[in-house]
Amino acid sequence: MEVILLENIKKLGKIGNKVKVANGYARNYLLKNNKALVASKENIQIFEKKKEELNKKNLEMKDAATKIQKQIDKFELKISRNSMEGGALYGSLTIKEIIQNLETHNFKNISPNMIELKEQIKKIGDYNVIINLHAEVQASIKVKVVSIEKVI
């Protein structure tokens, strides 16, 4: 299905681009969340009328994401977990747990689909976690996993 993007989407395109995507992706995500319009003559005209407004909204979202990025890039998240003697955790650290810990430090508007883990966190140590705040803005946070015995 061919759609017109109403916002910048990472790895897909920018506002106003006509892109071909799978029917399910278009119906279940892009159209449902008002991120795109079906590419028809009527919708192209509607998009042309809204284009300036959409670009302004996108710029505001990007500026807000940049401010959050500056705060997050300086931040180190320390998480205490039970571990075995070799440093292996009892279960891996999940994205949900990372978000809960970020919320306790006043980073409220971060959703699970924004977080990218390069590898599963299964051991004590330092990890870099990427947070996609906007299609054009990424923040990197250092997550330090420590054993509960070392904290006490």
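The values are calculated or read from the model by the stated rules, or taken from the named source; none is laboratory data. Note that this is a predicted model, so its numbers are computed, not measured. So basically every Cβ, Gly included, is an ideal-geometry build from the backbone, and we count neighbours across all protein chains shown.
The table that follows gives values for the structure above.
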| quantity | calculated |
| --- | --- |
| Residue in region 21-31 that is at pLDDT below 90 and surrounded by fewer than 16 Cβ atoms within 10 Å (Cβ to Cβ) present | no |
| Identity of the residue in region 33-47, closer than 23 Å to Glu136 by Cβ and exposed (fewer than 11 other Cβ atoms within 10 Å of the Cβ), that ends up farthest from the chain's Cα centre (by Cα) | Asn34 |
| Answer residue from region 67-88, given it is without any contact (Cβ under 8 Å) to a residue 60 or more places away in the chain and part of a helix (DSSP H, G or I) and is surrounded by the fewest Cβ atoms within 10 Å (Cβ to Cβ) among those | Lys70 |
| Residue check for Met61: surrounded by 11 or more Cβ atoms within 10 Å (Cβ to Cβ) and not assigned by TED's automatic domain parsing to the domain that holds Gly125 | yes |
| When residues of region 103-119 are limited to those that are assigned to a helix (DSSP H, G or I) and out of contact with any helix residue (DSSP H, G or I) (no Cβ under 8 Å at 6 or more places or on another chain), the one farthest from Glu60 (Cα to Cα) | Thr104 |
| Answer from Lys144, Lys122 - the residue that is outside the structural domain of Lys14 (by TED's automatic domain parsing), touching a residue at least 60 places away in the same chain (Cβ under 8 Å) and either surrounded by 17 or more Cβ atoms within 10 Å (Cβ to Cβ) or part of a strand (DSSP E or B) (or both) | Lys144 |
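Yes/no per residue for (1) of a type outside the set (Asp, Glu); (2) in contact with a Pro (Cβ under 6 Å, 6 or more places away or on another chain); (3) in the same structural domain as Ser147 (by TED's automatic domain parsing); (4) in a strand (DSSP E or B):
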position: Lys49; (1), (2), (3), (4): yes, no, no, no
position: Ala65; (1), (2), (3), (4): yes, no, no, no
position: Ser92; (1), (2), (3), (4): yes, no, yes, yes
position: Lys96; (1), (2), (3), (4): yes, no, yes, no
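Yes/no matrix, rows are residues, columns are (1) over 27 Å from Met1 (Cα atoms); (2) in contact with a strand residue (DSSP E or B) (Cβ under 6 Å, 6 or more places away or on another chain); (3) aliphatic (A, V, I, L, M):
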position: Ile44; (1), (2), (3): no, no, yes
position: Glu52; (1), (2), (3): no, no, no
position: Leu59; (1), (2), (3): yes, no, yes
position: Thr66; (1), (2), (3): yes, yes, no
position: Lys78; (1), (2), (3): yes, yes, no
position: Arg81; (1), (2), (3): yes, yes, no
position: Gly87; (1), (2), (3): yes, yes, no
position: Phe107; (1), (2), (3): yes, no, no
position: Asn113; (1), (2), (3): no, no, no
